[in-house]
1. So Lys33 ticks every box in (1) at pLDDT below 95; (2) over 23 Å from Arg275 (Cα atoms); (3) within 21 Å of the chain's Cα centre (by Cα) but one. Which box is left unticked?
2. Just need a number here: residues in the range 44-60 that are buried (at least 16 other Cβ atoms within 10 Å of the Cβ) and closer than 29 Å to Gly109 by Cα.
3. Quick test for you: out of Arg64, Arg75, pick the one residue that is loosely packed, with under 15 Cβ neighbours inside 10 Å, within 30 Å of Leu224 (Cα to Cα) and in contact with a helix residue (DSSP H, G or I) (Cβ under 9 Å, 6 or more places away or on another chain).
4. Is there any pair linking a residue in the range 99-113 that is in contact (Cβ under 8 Å) with a residue 60 or more places away in the chain and assigned to a loop (DSSP other than H, G, I, E, B) to one that is among the charged types (D, E, K, R) and surrounded by fewer than 21 Cβ atoms within 10 Å (Cβ to Cβ), with Cβ under 8 Å and at least six apart or on different chains, and which?
5. Based on this model, can you work out whether Leu244 counts as within 12 Å of Arg34 (Cα to Cα), part of a strand (DSSP E or B), modelled with pLDDT of 95 or more and open to solvent by less than 10 Å² (accessible area, probe 1.4 Å)?
6. Within the range 7-43, work out how many residues are assigned to a strand (DSSP E or B) and either among the aliphatic types (A, V, I, L, M) or open to solvent by 20 Å² or more (accessible area, probe 1.4 Å) (or both).
Amino acid sequence: MAQTWRCSGLRWPAGGPVLVWGGGRESALTTGKRVAFTVADGGGRACVGARGNACPVRAAVSGRSTGARCEECARLDRAHSVAADTMADDPRPYRVYLAWFGPGMVKVGITGSARGSARLLEQGALCFSWLGEGPLMAARRTEELLRAALGVPDRIRYADKRRVRSALPDAAERLEEIRQLHARVAELDGWPDSLERAPFRAVDHVEVFGLDGVPAAVGAVSELTGGGAVSGELVAAAGPDLHLATARGVVVLDTRLMTGWDLAAGASGFTVPVREFREAEDAVVQDGLF
């Protein structure tokens with residue numbers, strides 16, 4: 001029986017994206033690299049646990065889940081998290097950002113200052129600019145100010161992000177949309193006094209992700225299945241997504257679907273379920289913010 005590995009997800013260190021495996025082993029992902037693996041048959045997909053701890057019952061989880069956690073482990077993982085607003089006394093500084101994912105798709109978010117731009121890379125932000133830095137609750141109030149005053153969301157669906165990556169405007173147009181919004185945000189009243197504002201300084205990730213001239217994807221993997229195979233040449237990587245050139249065209253693999261499975265190196269063909277993109281869906285993006 002071939003040796004199998006457990007994937008811990010895709011990470012974005014300074015040197016570029018890597019797949020992380022159980023035990024800390026890493027596989028660097030470079031453009032043109034062959035990504036090929038087979039899903040072990042018979043074992044099913046198991047919960048990955050919470051906060052570094054294994055699931056006590058090794059619960060089965062859906063192949064379509066991007067979290068790969070059972071209900072109890074998902075609850076524990078979210079507890080005491082920044083997203084759940086249970087860390088009001090966290091003394092660490094946080095940054096507020098505007099992130100652009102495509103025409104009309106801008107969101108506001110916060111991240112720990114110590115993480116730098118890692119959070120933006122993990123989300124697949126094509127460009128971004130900082131808004132300010134300060135205590136956690138000041139960052140949260142700023143985030144809420146943008147939602148209430150300008151209708152800026154704090155979430156963009158991955159399905160919408162990945163559909164526009166092959167038809168992006170040029171760099172100047174990408175940065176102009178986020179520049180205009182940054183200027184409008186600066187004029188708002190109600191900023192927390194403890195948040196130090198940041199000037200507009202856009203960072204573009206399109207080249208980092210390898211998305212310049214990337215072919216349009218024909219679909220995305222909907223789930224992995226026991227005995228299924230994935231094989232393709234990496235043409236781009238953005239956030240958790242790998243864009244793989246296959247016999248049927250470019251297919252997007254969300255690496256979060258890989259966690260919880262036993263995977264063996266090597267495969268031929270592409271036999272996991274793929275949800276094809278429809279032209280009508282491709283045109284659906286968030287309404288303009290202004």
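The values are calculated or read from the model by the stated rules, or taken from the named source; none is laboratory data. Source: prediction; values computed, not measured. Using ideal geometry, Cβ is built from the backbone for each residue, glycine included, and neighbour counts are taken over all protein chains shown. Note: accessible area is taken over every heavy atom of the protein model, side chains too, but ligands, DNA and RNA are not part of it. Shrake-Rupley method; radii C 1.70, N 1.55, O 1.52, S 1.80 Å.
1. Here Lys33 meets the rest and fails (1).
2. Result for the range 44-60: 4.
3. Arg64
4. Gly104/Asp287
5. yes
6. Total meeting the criteria: 15.
Yes/no matrix, rows are residues, columns are (1) at pLDDT below 95; (2) open to solvent by less than 50 Å² (accessible area, probe 1.4 Å); (3) closer than 22 Å to Leu121 by Cα; (4) assigned to a loop (DSSP other than H, G, I, E, B):
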{"residue": "Asp154", "(1), (2), (3), (4)": "yes, no, yes, yes"}
{"residue": "Asp160", "(1), (2), (3), (4)": "yes, yes, yes, no"}
{"residue": "Glu173", "(1), (2), (3), (4)": "yes, no, yes, no"}
{"residue": "Glu177", "(1), (2), (3), (4)": "yes, yes, yes, no"}
{"residue": "His182", "(1), (2), (3), (4)": "no, yes, yes, no"}
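Every residue, every condition in (1) aliphatic (A, V, I, L, M); (2) touching a residue at least 12 places away in the same chain (Cβ under 8 Å); (3) within 20 Å of Leu136 (Cα to Cα); (4) surrounded by 16 or more Cβ atoms within 10 Å (Cβ to Cβ), yes or no:
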| residue | (1), (2), (3), (4) |
| --- | --- |
| Arg165 | no, yes, no, yes |
| Leu168 | yes, yes, no, yes |
| Glu187 | no, no, no, no |
| Trp191 | no, yes, yes, yes |
| Pro199 | no, no, yes, no |
| Val206 | yes, yes, no, yes |
| Gly210 | no, yes, no, yes |
